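The structure appears below as structure tokens.
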Amino acid sequence: MTRAALVVGVGARRGVPPEELLALIRRTLDEAGPAAGDVAELATLDTRADEPGIVAAAARLGVPVRSYTAGALAGVPVPNPAEAPRRAVATGSVAEAAALVNAGELLVPKRKSASATCAVARRGKPGDTSASTNGAEPFTMAAMLPPTKHSESAGPDLRHHGDAEVRGLDLIDLAVNVRTDTPPDWLRRRIAASLGSLAAYPDGGPARAAVAGRHGLPDERVLLTAGAAEAFVLIARALPARRPVVVHPQFTEPEAALRAAGHEVGRVVLRPEDGFRLDPAAVPEDADLVVVGNPTNPTSVLHPAGVLERLARPGRTLVVDEAFMDAVPGEREALCDRQDVPGLVVLRSLTKTWGLAGLRIGYVLADPATVGLLKEAQPLWPVSSPALAAAEACMEPRALVEAADAADRFTVDRAHLLAGLAEFSEVQVVEPAAGPFVLLRLQRADEVRELLRSRGFAARRGDTFPGLGSEWLRLAVRDRVTTNRFLQALDLALQGLPRRAVG
């Protein structure tokens, strides 16, 4: 006889401890009894779906997380409504509504702990796992967040970027991962020289050939774009995708672009206890577009090329964001010059190493058919003449030597930063780090960030990255003098944290 599928509905405050939530869930399931059925999924409000405590509890139970908008939950009658959640999210009980929205019978009504609520419902008839508000089953990977419609809230602000931390303020910038003292003088002169041809329409041919030559590829495998951000928009709009998946935590623009283009987006959320390492088996078999960063922003994890290759297969587009790969000595683990990996699309940016965020220049490397689809979605003359001049210059031998030297300096300066951070018992750093930035975890990081600002330093908040929370900060790697000043400021910030009342 097939056992019934159970839905565990959860409502939780921000920062709910995984142990507290898991204990509450288990107590509630005990009330349902062992004969009630097997847990199929954990359901909650979409703005809580990436809460670390919820993700961790689902992983311990070995089930996926399914999320619903406040509007969807508000339409579900609940037997035990309360005024506080109704005022906040328009439903009288997040736990009961989330359990019932896709189920037939409430087995255990709302139960409470200090920071969470929980309810259990039976989904449809015993053995019926087909019920779904969108006609699709949730992914089966425990740390996978289910598809979310583009019109729904995703929780974190996917459009928040590091420049917002420093714009218009006199702060030492550790929030943006652009190399300091760039662009170099020789590159400025090349860009300035292009201004004399502004009356003519841009000709991307020479720059395209320069990029192709730098990577040993034919010209038809190269598409120049107005930064990597435009490439994500083109991919979202032009490439067919029935079930796109983004590997998080990572740069949030790919998911934002996919949502804006009307896609439902699945998330594979990597876990800090695994060092944010990717297991290819975590990606659903039917995902036909997969996006992953390498090295990944913000974790600074460099995934082995062989691991990423295992994600490729006929019928799937594999998008690898290599925006920071030129900051890795020898560009080890790069896939940019590969032509034998099916469905591979590699993105590169000239923004970070060369300080060209305001000029907007990047490129896509893919098979000619994919390049053709993306090109059709571009407007005419998408890249300006100054940006084309910069791209061509940055492909020249002396530029490649300078970029390699910069990557070596990043390695030395990052080691100095990591050694300094190791002196703080309060700080946990994700290692090994391979990018020009590091990700660290500490309690009350939001307060520390504000204290650092008061001492002249801007750090990148982590809670806008799916899979992270308010206890995470990202720091750009800077020179030793700047790092020493920052470490002194961090020491004072940690000492300056106000004591919290006990009891």
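Summary of values
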| item | result |
| --- | --- |
| Kirkwood hydrodynamic radius (C-alpha pairs) into Stokes-Einstein, segment 246-313, 20 °C and 1.002 mPa s, D in µm²/s | 172 |
| With DNA, RNA and ligands ignored, accessible area of VAL412 (1.4 Å probe; Å², nearest 10) | 90 |
| Rg over Rh, two decimals, segment 381-474 (C-alpha only, Kirkwood Rh) | 1.12 |
| Helical mean residue ellipticity (222 nm; -39500 (n - 2.57) per DSSP H run of 4+; nearest 500) of the chain | -9500 deg cm²/dmol |
| Peptides 427-435, 378-386 ordered by average Cβ neighbours within 10 Å, highest first | 427-435, 378-386 |
| In the chain, lysine pairs closer than 30 Å at Cα, eight or more apart or cross-chain | 7 |
| Kirkwood Rh (inverse of mean 1/r, distinct Cα pairs), segment 14-98, angstrom | 13.5 |
| Heavy-atom accessible area ranking, 1.4 Å probe, most first, across TYR201, TYR363 | TYR201, TYR363 |
| Computed lengthening from GLU20 to ALA35, 0.36 nm per intervening residue step minus Cα-Cα distance | 3.0 nm |
| Calculated over the chain: convex hull of Cα atoms, volume per residue (Å³) | 157 |
| Per residue value of the accessible surface for the chain (all protein chains in place, 1.4 Å probe), Å² | 41 |
| When the convex hull of its Cα atoms is projected in every direction, mean area for segment 346-503 (nm²) | 13.1 |
| Spatial extent of segment 382-433: Rg and Dmax, with the Cα atoms as the point set, Å | 17.5, 51 |
| The chain - charge dipole about Cα centre, Lys and Arg +1 at Cβ, Asp and Glu -1, debye rounded to 20 | 960 |
| Charge dipole magnitude, Cβ of K and R +1, D and E -1 - segment 1-61, Cα centre, debye nearest 20 | 60 |
| Global geometry of segment 308-359, whether rounded, prolate or oblate, following the gyration tensor of its Cα atoms and the 1.5 cut on a/c | prolate |
| Carbon/sulfur fraction of accessible area - the chain, other protein chains in place, 1.4 Å, % | 51 |
| Protection-proxy order for peptides 478-484, 441-447, each taking the mean of Cβ atoms within 10 Å per residue, highest first | 441-447, 478-484 |
| Two-decimal Rg to Rh for segment 281-375 - Kirkwood Rh, Cα set | 0.96 |
| Alpha-carbon centroid distance for the pair segment 79-101 / segment 413-479, whole angstrom | 36 |
| Segment 445-503: Rg to Rh, with Rh as the Kirkwood radius over Cα pairs | 1.02 |
| Packing rank of 56-66, 396-406, where each peptide gets the mean count of other beta carbons within 10 Å, highest leading | 56-66, 396-406 |
| Rounded Å value of the spacing that divides the Cα centres of segment 35-61 and segment 242-311 | 20 |
| Computed label-point distance, nm, for sites ALA415 and SER384 using a 7 Å Cα→Cβ extension | 4.0 |
| Net charge, SER300 excluded, C-beta distance under 9 Å - Lys, Arg +1, Asp, Glu -1 | +1 |
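The values are calculated or read from the model by the stated rules, or taken from the named source; none is laboratory data. In this text, all values refer to a predicted model and were calculated from it rather than measured experimentally. Cβ sites come from the backbone with ideal geometry, for glycine too, and all protein chains shown count toward neighbours. The area values use the complete protein model at the heavy-atom level, side chains included, leaving out ligands, DNA and RNA. Shrake-Rupley method; radii C 1.70, N 1.55, O 1.52, S 1.80 Å.
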